[in-house]
Amino acid sequence: TGLLGLLLGMRYLKQKPPDPSRTFDRLGFAAVTLGVGAVLLALGRISDLADLTAPFQLILLAAGVCLLILFVRIELSQQQPLLNIRIFKVPMYSLSVIVACVQALAMFAGIFLIPLLVQNVYGYDSIMTGLVFLPSAITTGLFVNVGGKRLDLKGPRGI
């Protein structure tokens, strides 16, 4: 599908001449890439609580956090930032990002942790665990359609 999208884009999207006034924030890109990379590498190397206190993990985490703080400072000083941090001054936008983060954490916790609970605590095998979650998957599939149609009819306030 990616190749199809690329071919259709090349066929139907008009090419615009490059704007020389637009710049790429290389310093911000390097800071966020290295910062997120260091934090993810540190978290990926932790398999138990004792790994969290290993000196290399702490150095990686500290370096990642420092680079992410540096990224924020860079973005606030750039004329054309990679990520416009000032948009978080809009209260409704900030609230919507917080709500989306909490919702994503809750959803992924349910997707990953509840099946582990069912398998490890209740002793179900993977097939039985899938069958336990089948009714919720089916009802979610049905009610997504109902919610989408209601959203089209009533708008977001109707939901």
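The values are calculated or read from the model by the stated rules, or taken from the named source; none is laboratory data. Note that the structure is a prediction, hence the values are computed from the model and not measured. Note that we place each Cβ from the backbone using ideal geometry, even for glycine, and neighbour counts take in every protein chain shown. With ligands, DNA and RNA removed, areas are computed over all heavy atoms of the protein, side chains included. Shrake-Rupley method; radii C 1.70, N 1.55, O 1.52, S 1.80 Å.
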Of the conditions (1) of a type in the set (Asp, Glu); (2) over 22 Å from the mean Cα position of the chain (by Cα); (3) surrounded by 15 or more Cβ atoms within 10 Å (Cβ to Cβ), residue 75 fails just one. Which one is it? (2)
Looking at residue 70, is it under 22 Å from the mean Cα position of the chain (by Cα), modelled with pLDDT of 95 or more and open to solvent by 100 Å² or more (accessible area, probe 1.4 Å)? no
Filter region 1-21 down to the residues that are of a type in the set (Ser, Thr, Tyr), open to solvent by 100 Å² or more (accessible area, probe 1.4 Å) and either under 26 Å from residue 74 (Cβ atoms) or within 23 Å of the chain's Cα centre (by Cα) (or both) and list them by number. 1
Check off (1) surrounded by 11 or more Cβ atoms within 10 Å (Cβ to Cβ); (2) out of contact with any helix residue (DSSP H, G or I) (no Cβ under 9 Å at 6 or more places or on another chain) for residue 100 and give me the number that stays unchecked. (1)
With of a type outside the set (A, V, I, L, M, F, W, C) and touching a residue at least 24 places away in the same chain (Cβ under 8 Å) as the only criterion, which of 81, 91 stands out? 81
Hey, can you tell me all the residues within region 22-50 that are surrounded by fewer than 16 Cβ atoms within 10 Å (Cβ to Cβ) and either in contact with a Ser or Thr (Cβ under 9 Å, 6 or more places away or on another chain) or under 19 Å from residue 83 (Cβ atoms) (or both)? 22, 23, 24, 26, 27, 29, 30, 33, 36, 37, 40
Taking only region 119-159 into account, find how many residues are surrounded by 10 or more Cβ atoms within 10 Å (Cβ to Cβ), more than 26 Å from the chain's Cα centre (by Cα) and among the β-branched types (Val, Ile, Thr). 2
